[in-house]
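What follows is one structure encoded as structure tokens, with my remarks underneath.
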Amino acid sequence: MCLAIPAKVLSIEGYQAEAEIAGVTRQISLRLTPEVKVGDWVLLHTGYAINVIDEDAAKETLKLLEEMCEVY
Amino acid sequence: MKFIDEYCNVELSQRLVERIRHKSAREVRLMEFCGGHTHAILRYGIRQLLPPTVEMLSGPGCPVCVTANADLDKAIALSGLPGVILASFGDMLRIPGSYSSLQKAKAEGADIRIVYSAMDALRLARENPHRSIIFLGIGFEATAPTIAASILEAEGERIDNYYVFSIHKLCPPVIRALLQSGEVKLDGIVCPGHVSAIIGSQPYEFIAKEYGIACAVAGFEPLDILLSIDMLLAQIESGKPEVEIAYRRGVRPEGNLRAQEIMGQVFETCPATWRGIGEVPQSGLRLRQEYQRFDTEKAFYVDPGPPREARGCLCGDILRGVKWPSDCRLFGQVCTPEHPVGPCMVSSEGSCAAYYQYQSHEAALSK
Amino acid sequence: MKSTEDRILLAHGSGGRLSHELVQKSLVPSWSNPVLNRLDDAAVFKLSGRLAFTTDSYVVSPIFFPGGDIGKLSICGTVNDLAMCGAQPLYFSVALIIEEGFRLAELERIVTSIKEATEEAGVEIVTGDTKVVPRGSADKLFINTAGVGLIPEGVDISGSNARPGDKILLSGTIGEHGLAVMSQRESLEFKIPIQSDCAPLNKLVVDMLAASPEIHCLRDPTRGGLATTLNELATQSKVGMRIDEENIPLQEAVRATCELLGFDPLYVANEGKLVAILPPTDAERVLNQMRQNCYGREGAIIGEVVEQHPGRVVMRTRLGTSRLIDMLSGDLLPRIC
């Protein structure tokens with residue numbers, strides 16, 4: 001597999017960005033996700049944002065889970 | 001941590017487990033393809049939560065484990081060339097090849113640096129203009145685009161001492177090879193999460209259509225994995241296999257098009273040899289003609305000698321899911337995490353390492 | 001190039017005038033005490049009672065890291081080894097192996113840091129040695145320290161004393177030292193808001209022993225982390241251990257760094273934490289006492305000793321499942337998969 005964790009983009013300069021996870025920061029590359037804006041959350045894998053996290057989908061999944069489990 | 005903690009919710013996990021238990025009528029055999037899932041399932045003890053009707057099999061989705069000895073030997077030989085700095089992800093260091101490991105080569109004087117990112121390898125190239133930096137390009141579709149991007153960066157900056165030894169592998173072709181062999185009977189597959197962040201869910205369609213096997217793309221937190229299992233059970237029960245996404249915050253059906261484009265710009269598919277599985281067509285990536293000057297294969301020549309497999313090691317069969325680690329005579333005796341014979345005992349995602357922990361755990365609890 | 005006076009030369013270790021100058025100008029004044037100041041071939045002092053004696057070598061790279069340096073570490077590490085036997089550390093030796101070309105200014109920083117650590121721990125450096133090796137024969141600076149301490153009457157602490165029913169206490173959050181050092185060492189390029197927890201724990205131990213002299217085991221979970229230490233104790237005492245993931249204190253930044261690099265914080269080194277194993281009747285009292293001390297503020301009861309599965313440590317995960325916690329095997333290497 002590939003270890004990737006959600007990181008928040010703090011600032012952007014060209015393809016370079018500064019991202020943060022719980023106070024830990026690193027320069028990351030946006031080569032694979034040029035659409036990223038400051039404040040977006042990305043999936044960070046080996047220093048590259050491999051995808052933008054879809055915050056709406058994240059909420060919907062949790063809502064779906066709540067509904068699915070209502071009777072249990 | 002945001003987007004992680006919500007999916008570790010204990011109460012919701014328990015309710016989802018209840019639902020799965022309730023739902024699970026007949027015996028099913030599921031494979032978590034990805035080593036990351038194997039690791040997470042062990043880490044959270046998810047097997048203990050599942051009903052006995054749900055059997056989980058580990059697949060060949062650990063890039064380190066499936067690297068063939070011939071490739072590993074070549075990497076070790078490359079690290080010994082004069083003027084070379086070999087940059088590698090930490091995962092590869094302890095993996096035993098035919099004769100040595102990168103860790104041993106380092107102890108013998110090879111300049112091997114552990115990096116977290118291809119960006120860091122590129123920085124080594126900038127900082128050491130008189131050395132050749134060889135980056136050991138392992139990993140599946142999640143990692144390959146990052147390395148393709150580093151090659152584009154090197155090209156843009158006219159860095160001429162950066163090389164990539166590409167032993168990347170692709171997931172869908174090997175899943176096809178596994179299913180085609182007919183060796184393993186599966187009802188459902190938990191598809192990799194971060195590979196799918198790049199390739200999307202569409203490349204797995206053939207699994208459902210041609211083989212009638214249920215598919216769900218999963219993330220790596222407990223709720224992600226449990227949700228994918230719930231989806232698989234529903235598909236199996238209804239007799240309508242398809243490809244669902246249980247990890248929608250990270251994976252879209254079409255994947256990351258930009259990343260696919262960059263990967264396709266730099267790499268082309270080629271046959272690749274997988275440990276235990278052999279040569280699988282279209283399952284590897286090599287640098288395209290236009291980027292050959294970054295290709296280790298073109299720039300350096302090494303002859304590490306013929307590869308050989310450790311006698312008695314069943315890693316290959318275990319990677320195909322046809323043997324259990326406990327079937328291996330070396331397992332737990334000669335081959336332990338301290339003295340690994342095969343890669344599946346080294347990698348924290350390896351089936352043998354996972355099973356070693358699991359077995360000792362069962363033994364501990366039964367006493 | 002800066003002038004040569006700024007750097008350690010081979011001649012500083014030759015035994016001649018420069019050696020004497022180094023010892024008398026740079027080391028002795030800083031660490032001054034009556035026993036050391038005599039500068040005889042051996043330290044001469046009186047001690048009577050049950051003694052604890054230990055030695056350790058410090059080769060950490062880089063020598064300066066967030067929250068400490070090799071000097072502070074070389075004192076705290078040896079202080080803690082003595083304290084984990086219940087001893088009150090007293091007299092220390094310090095031997096420096098310096099690489100030719102090492103900056104004098106950096107040496108002075110480390111000498112000062114050693115002095116501060118000895119003052120905090122209340123120990124005296126009574127003897128020492130200095131060697132200089134040619135460039136490339138050592139990585140900047142290696143330090144060996146040895147120490148003796150006195151064990152008070154009635155204290156019997158050993159790794160083989162854990163008994164079923166005992167509680168397992170941990171003095172605070174784990175994983176900081178290992179990550180603080182690694183963030184500087186590997187070319188990982190992370191900015192990590194984590195300081196090494198490097199600290200002398202002898203006064204914490206005194207406080208804990210005052211609350212209960214019945215403490216069975218003490219150990220500092222250094223290299224190999226908490227997991228390895230618990231396994232050592234379980235093996236040595238031939239007992240099993242059960243710990244609760246939820247109760248193990250962890251800084252959020254440590255957790256995040258571990259997630260990023262694929263580490264398990266249970267295996268990351270600490271230099272200012274201790275594990276204590278003691279009868280359940282005394283656990284709360286010792287915990288309360290521990291929390292009064294600045295190095296035990298985030299202390300917690302993390303588990304208990306059991307009769308079952310001797311030599312094995314089992315952790316209850318957040319999900320209520322259980323997982324075997326093995327010793328660390330191999331090096332802790334950052335991974336991507």
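The values are calculated or read from the model by the stated rules, or taken from the named source; none is laboratory data. The model shown is predicted, which means the values in this text are computed figures rather than measured ones. Neighbour counts are summed over all protein chains in view; Cβ atoms, including those assigned to glycine, are modelled from backbone coordinates with ideal geometry. SASA here: full protein model, heavy atoms, side chains in, ligands and nucleic acids out. Shrake-Rupley method; radii C 1.70, N 1.55, O 1.52, S 1.80 Å.
Some observations on this one:
- Residue match in region C:266-278 (condition: crowded, with 19+ Cβ neighbours inside 10 Å, closer than 29 Å to B:E349 by Cβ and of a type in the set (D, E)): no
- Complete set of residues in region B:119-151 that are open to solvent by 10 Å² or more (accessible area, probe 1.4 Å) and under 18 Å from B:G90 (Cα atoms): B:M119, B:R123
- Beta carbons closer than 6 Å, at least 6 apart along the sequence or on distinct chains, pair a first residue in region B:203-217 that is of a type in the set (S, T, Y) with a second that is open to solvent by 10 Å² or more (accessible area, probe 1.4 Å) for B:Y204/B:V243; B:Y211/B:L179.
- Taking region B:225-278 as the range and being over 19 Å from the mean Cα position of the chain (by Cα), in a strand (DSSP E or B) and β-branched (V, I, T) as the test, the residues that pass are B:V243, B:I245.
- Test result for B:Y291, among the aromatic types (F, W, Y), part of a loop (DSSP other than H, G, I, E, B) and in the same structural domain as B:A216 (by TED's automatic domain parsing): no
- Subset of region C:92-131 [of a type in the set (A, V, I, L, M, F, W, C) and open to solvent by 20 Å² or more (accessible area, probe 1.4 Å)]: C:A95, C:I97, C:L104, C:A105
- Inter-residue pairs, beta-carbon under 7 Å, first facing chain A (nearest Cβ under 7 Å) and in region B:239-262, second of a type in the set (D, E) and open to solvent by less than 70 Å² (accessible area, probe 1.4 Å), 6+ apart: B:R248/A:D54; B:R249/A:D54
- You will find that of B:R249, B:R258, B:R275, the residue that is open to solvent by 40 Å² or more (accessible area, probe 1.4 Å) and not aromatic (F, W, Y) is B:R258 and no other.
- Extreme residue, most open to solvent (accessible area, probe 1.4 Å), among residues of region A:15-68 that are polar (S, T, N, Q) and more than 10 Å from the chain's Cα centre (by Cα): A:Q27
- Some residue of region B:152-165 being surrounded by fewer than 17 Cβ atoms within 10 Å (Cβ to Cβ) and basic (K, R): yes
- Qualifying position, being within 11 Å of chain B (Cβ to nearest Cβ) and buried (at least 23 other Cβ atoms within 10 Å of the Cβ), among C:R318, C:R312, C:R255: C:R312
- Taking the criterion of being of a type in the set (A, V, I, L, M), over 30 Å from B:D160 (Cα atoms) and not in a loop (DSSP other than H, G, I, E, B), the residues of region B:297-335 that qualify are B:I318, B:L319.
- Here the strands (runs of 3 or more DSSP E) wholly within region C:267-337 that include at least 2 residues being at negative phi and modelled with pLDDT of 95 or more are C:275-278, C:300-306, C:313-316.
- Some residue of region C:57-66 being open to solvent by less than 10 Å² (accessible area, probe 1.4 Å) and out of contact with any Lys or Arg (no Cβ under 7 Å at 6 or more places or on another chain): no
Here's the yes/no breakdown for (1) over 13 Å from the mean Cα position of the chain (by Cα); (2) open to solvent by less than 40 Å² (accessible area, probe 1.4 Å):
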| position | (1), (2) |
| --- | --- |
| C:I192 | yes, yes |
| C:S196 | no, yes |
| C:I215 | yes, yes |
| C:A227 | yes, yes |
| C:R242 | yes, no |
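- Among the residues of region B:182-216, those identified as under 11 Å from B:E242 (Cα atoms) and touching a strand residue (DSSP E or B) at 6+ places or on another chain (Cβ under 7 Å) are B:G188, B:I189, B:S201, B:Y204, B:E205, B:I207, B:A208, B:I213, B:A214, B:C215, B:A216.
- Looking at region C:1-95, the helices (runs of 4 or more DSSP H) lying wholly inside it that each contain 3 or more residues that are in contact (Cβ under 8 Å) with a residue 24 or more places away in the chain and in contact with a strand residue (DSSP E or B) (Cβ under 8 Å, 6 or more places away or on another chain) sit at C:70-83.
- Which listed residue, of B:R19, B:R43, B:R47, B:R29, is under 30 Å from B:L227 (Cβ atoms), open to solvent by 10 Å² or more (accessible area, probe 1.4 Å) and touching a Phe, Trp or Tyr at 6+ places or on another chain (Cβ under 6 Å): B:R19
- Failed condition for B:C344, given (1) outside the structural domain of B:R43 (by TED's automatic domain parsing); (2) surrounded by fewer than 23 Cβ atoms within 10 Å (Cβ to Cβ): (2)
- Only a single criterion out of (1) open to solvent by less than 30 Å² (accessible area, probe 1.4 Å); (2) more than 30 Å from C:I192 (Cα to Cα) is not satisfied by C:F53, namely (1).
Table: residues versus (1) within 11 Å of chain A (Cβ to nearest Cβ); (2) modelled with pLDDT of 95 or more; (3) in contact with a Lys or Arg (Cβ under 6 Å, 6 or more places away or on another chain).
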| position | (1), (2), (3) |
| --- | --- |
| B:T143 | yes, yes, no |
| B:E153 | yes, yes, no |
| B:G156 | yes, yes, no |
| B:N161 | no, yes, no |
| B:I167 | no, yes, no |
| B:G182 | no, no, no |
| B:G188 | no, yes, no |
| B:P203 | no, yes, no |
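- Identity of the residue in region A:1-14, at the interface with another protein chain (Cβ under 9 Å from one of its Cβ atoms) and within 16 Å of the chain's Cα centre (by Cα), that ends up farthest from B:T146 (Cα to Cα): A:K8
- Scoring B:G97 on the criteria (1) open to solvent by less than 30 Å² (accessible area, probe 1.4 Å); (2) among the small types (G, A, S); (3) modelled with pLDDT of 95 or more leaves a single failure, condition (3).
- Count of residues meeting criterion [more than 7 Å from every other protein chain (Cβ to nearest Cβ) and β-branched (V, I, T)] in region C:321-337: 1
- Of all residues in region B:261-271, those satisfying the criterion of being surrounded by fewer than 23 Cβ atoms within 10 Å (Cβ to Cβ) and touching a strand residue (DSSP E or B) at 6+ places or on another chain (Cβ under 7 Å) are B:E268, B:T269, B:C270, B:P271.
- For region B:245-289, the set of residues classified as hydrophobic (A, V, I, L, M, F, W, C) and within 15 Å of B:P173 (Cβ to Cβ) consists of B:M263, B:F267, B:C270, B:A272, B:W274, B:I277, B:V280, B:L285, listed by residue number.
- Candidates are the residues of region B:177-198 that are part of a helix (DSSP H, G or I) and free of Cβ contacts under 8 Å to residues at least 60 places away in the same chain; the one that is most open to solvent (accessible area, probe 1.4 Å) is B:Q180.
- Index of the failed condition, B:L122 passing every other in (1) within 14 Å of chain A (Cβ to nearest Cβ); (2) farther than 30 Å from B:R311 by Cα; (3) out of contact with any Ser or Thr (no Cβ under 7 Å at 6 or more places or on another chain): (3)
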